[in-house]
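Notes for the one structure printed next.
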Amino acid sequence: MNTDFFIDLLHQVKEFENSEAYKPHSTLEDFRLWINDQKYRKESPTKLFKNEQHQVSFTENEICKQVLLLGRYSKQLIRKGLNDFPELANEEFTYLYRLKDEPNLTKIQLIERNGHEKQTGTQIIKRLLEYGLIEEKNDIEDKRSKRLNITRKGEDYFHRSVEKVNLTSRILAGKLDNKEKAELLELLKKLNDFHSHIYDQYKNSELSQISELVK
């Protein structure tokens with residue numbers, strides 16, 4: 001082991017101390033996790049495939065990686081932002097907010113608006129009903145369907161949680177300037193429109209059939 005190793009290690013420690021991950025009481029384990037995260041960020045998701053002689057697209061695989069990471073980070077941040085509202089901390093707040101925006105939806109409409117599978121959405125609605133944040137009534141025209149609306153308690157949760165949700169949203173947008181935010185929003189809407197079409201029209205299709213849509 002030579003001197004260069006220790007010099008490089010000290011540089012890494014200094015970089016860690018200047019990062020957002022560093023806290024006054026950071027431990028060796030915190031430093032190790034940060035090192036691992038830095039290495040993962042620098043690794044291309046195509047490296048493994050190339051080593052195995054598979055043909056891949058760097059850009060598309062990198063988009064996939066970044067979307068997955070952002071999804072994980074956003075879930076953690078939302079849970080932290082809604083810490084005072086444990087009943088909303090998972091996907092519940094998106095359902096409550098959707099009903100505030102679009103009252104009187106059927107269960108299946110609410111589930112589809114949130115892009116979930118029926119089983120997942122049904123469980124979220126069930127929890128919101130148990131918490132007393134929403135209520136269900138029989139559909140006047142279709143007795144087999146239920147219409148959902150926010151209760152008075154749900155209205156209270158909505159108004160009290162708005163500030164935390166807005167703060168979480170601002171943090172999620174990071175340090176992008178207004179122009180970058182607008183450009184990102186436009187691209188995300190375009191991408192979500194594409195996947196919304198798949199969700200609506202090709203939900204039960206094979207991946208090979210769906211892949212024809214991107215040619």
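The values are calculated or read from the model by the stated rules, or taken from the named source; none is laboratory data. Given the structure is predicted, the values throughout are model-derived calculations rather than measurements. All Cβ positions, glycine included, derive from the backbone under ideal geometry; neighbour counts span all protein chains shown. Surface accessibility is based on the protein's heavy atoms, side chains included, excluding ligands, DNA and RNA. Shrake-Rupley method; radii C 1.70, N 1.55, O 1.52, S 1.80 Å.
Conditions (1) open to solvent by less than 90 Å² (accessible area, probe 1.4 Å); (2) out of contact with any Phe, Trp or Tyr (no Cβ under 9 Å at 6 or more places or on another chain); (3) under 23 Å from His116 (Cα atoms), marked per residue:
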{"residue": "Asp156", "(1), (2), (3)": "yes, yes, no"}
{"residue": "Ser169", "(1), (2), (3)": "yes, yes, yes"}
{"residue": "Leu172", "(1), (2), (3)": "yes, no, yes"}
{"residue": "Lys181", "(1), (2), (3)": "yes, yes, no"}
{"residue": "Glu186", "(1), (2), (3)": "no, yes, yes"}
{"residue": "Tyr199", "(1), (2), (3)": "yes, yes, yes"}
{"residue": "Tyr202", "(1), (2), (3)": "yes, yes, yes"}
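Going residue by residue through region 58-76, is there one that turns out to be at pLDDT below 75, over 30 Å from Thr120 (Cα atoms) and either open to solvent by 100 Å² or more (accessible area, probe 1.4 Å) or not in a loop (DSSP other than H, G, I, E, B) (or both)?
Filtering region 58-76 for residues at pLDDT below 75 gives 58.
Restricting the remaining residues to those that are over 30 Å from Thr120 (Cα atoms) gives 58.
Next cut, either open to solvent by 100 Å² or more (accessible area, probe 1.4 Å) or not in a loop (DSSP other than H, G, I, E, B) (or both) only: 58.
Scanning region 58-76, I find at least one residue that is at pLDDT below 75, over 30 Å from Thr120 (Cα atoms) and either open to solvent by 100 Å² or more (accessible area, probe 1.4 Å) or not in a loop (DSSP other than H, G, I, E, B) (or both), so the answer is yes.
Could you list, in sequence order, all residues of region 130-139 that are out of contact with any Ser or Thr (no Cβ under 9 Å at 6 or more places or on another chain) and more than 14 Å from Leu105 (Cβ to Cβ)?
Glu130, Tyr131
Quickly run through region 133-151 and pick out the residues that are open to solvent by 30 Å² or more (accessible area, probe 1.4 Å) and either modelled with pLDDT of 85 or more or in contact with a helix residue (DSSP H, G or I) (Cβ under 6 Å, 6 or more places away or on another chain) (or both).
Glu135, Glu136, Lys137, Asn138, Lys146, Arg147, Asn149
From the residues in region 1-23 that are assigned to a loop (DSSP other than H, G, I, E, B) and touching a helix residue (DSSP H, G or I) at 6+ places or on another chain (Cβ under 6 Å), which one is least open to solvent (accessible area, probe 1.4 Å)? Quick ask: steps written out before the conclusion?
Pass one, region 1-23, residues assigned to a loop (DSSP other than H, G, I, E, B): 1-2, 18-23.
Next cut, touching a helix residue (DSSP H, G or I) at 6+ places or on another chain (Cβ under 6 Å) only: 21-22.
On the way: Ala21: 51, Tyr22: 84 Å².
By that ranking, first place goes to Ala21.
Looking at Ser26, Ser44, which one is at pLDDT 70 or above, surrounded by 10 or more Cβ atoms within 10 Å (Cβ to Cβ) and not in a helix (DSSP H, G or I)? Reasoning before the result, please.
Values: Ser44 fails: at pLDDT 70 or above.
The conditions single out Ser26.
Search region 77-109 for residues being assigned to a helix (DSSP H, G or I) and of a type in the set (Ser, Thr, Tyr), and hand back the single one that is least open to solvent (accessible area, probe 1.4 Å).
So in region 77-109, the residues assigned to a helix (DSSP H, G or I) come out as 77-81, 86-88, 92-101, 107-109.
If we keep only those that are of a type in the set (Ser, Thr, Tyr) as well, we get 94-95, 97.
Values: Thr94: 37, Tyr95: 0, Tyr97: 50 Å².
It comes out as Tyr95.
Quick check on Gly121: is it surrounded by 14 or more Cβ atoms within 10 Å (Cβ to Cβ), at pLDDT 90 or above and among the small types (Gly, Ala, Ser)?
Working: surrounded by 14 or more Cβ atoms within 10 Å (Cβ to Cβ): yes; at pLDDT 90 or above: yes; among the small types (Gly, Ala, Ser): yes.
Answer is yes for this residue.
Quick test for you: out of Glu155, Glu141, Glu135, pick the one residue that is part of a loop (DSSP other than H, G, I, E, B), closer than 19 Å to Pro103 by Cα and of a type outside the set (Lys, Arg). It would help to see each step written out before you state the result.
On the way: Glu155 fails: part of a loop (DSSP other than H, G, I, E, B); Glu135 fails: part of a loop (DSSP other than H, G, I, E, B).
Testing whether each residue is part of a loop (DSSP other than H, G, I, E, B), closer than 19 Å to Pro103 by Cα and of a type outside the set (Lys, Arg) leaves just Glu141.
I'd like to check something: does region 80-88 contain any residue that is charged (D, E, K, R), more than 25 Å from Glu155 (Cβ to Cβ) and modelled with pLDDT of 80 or more? I'd like the intermediate steps shown before the answer.
First, pick out the residues of region 80-88 that are charged (D, E, K, R): 80, 84, 87.
Among the residues that remain, those that are also more than 25 Å from Glu155 (Cβ to Cβ) are: none.
No: region 80-88 contains no residue that is charged (D, E, K, R), more than 25 Å from Glu155 (Cβ to Cβ) and modelled with pLDDT of 80 or more.
Is one or more of the residues making up region 170-190 under 21 Å from Gly71 (Cα atoms), part of a helix (DSSP H, G or I), in contact with a Gly (Cβ under 6 Å, 6 or more places away or on another chain) and at pLDDT 90 or above?
Within region 170-190, none of the residues are under 21 Å from Gly71 (Cα atoms), part of a helix (DSSP H, G or I), in contact with a Gly (Cβ under 6 Å, 6 or more places away or on another chain) and at pLDDT 90 or above.
Over 22 Å from Leu70 (Cβ atoms), in contact (Cβ under 8 Å) with a residue 60 or more places away in the chain and either assigned to a helix (DSSP H, G or I) or open to solvent by less than 80 Å² (accessible area, probe 1.4 Å) (or both), is that true of Glu112?
Numbers: over 22 Å from Leu70 (Cβ atoms): yes; in contact (Cβ under 8 Å) with a residue 60 or more places away in the chain: yes; either assigned to a helix (DSSP H, G or I) or open to solvent by less than 80 Å² (accessible area, probe 1.4 Å) (or both): yes.
Taking the combined requirement at face value, the residue satisfies it.
Is there a residue being out of contact with any Pro (no Cβ under 9 Å at 6 or more places or on another chain), at positive phi and at pLDDT below 80 anywhere in region 6-18? Break it down stepwise before answering.
Our first condition is that a residue be out of contact with any Pro (no Cβ under 9 Å at 6 or more places or on another chain); within region 6-18, this holds for 6-18.
Applying the additional criterion that residues be at positive phi yields none.
Scanning region 6-18, I find no residue that is out of contact with any Pro (no Cβ under 9 Å at 6 or more places or on another chain), at positive phi and at pLDDT below 80, so the answer is no.
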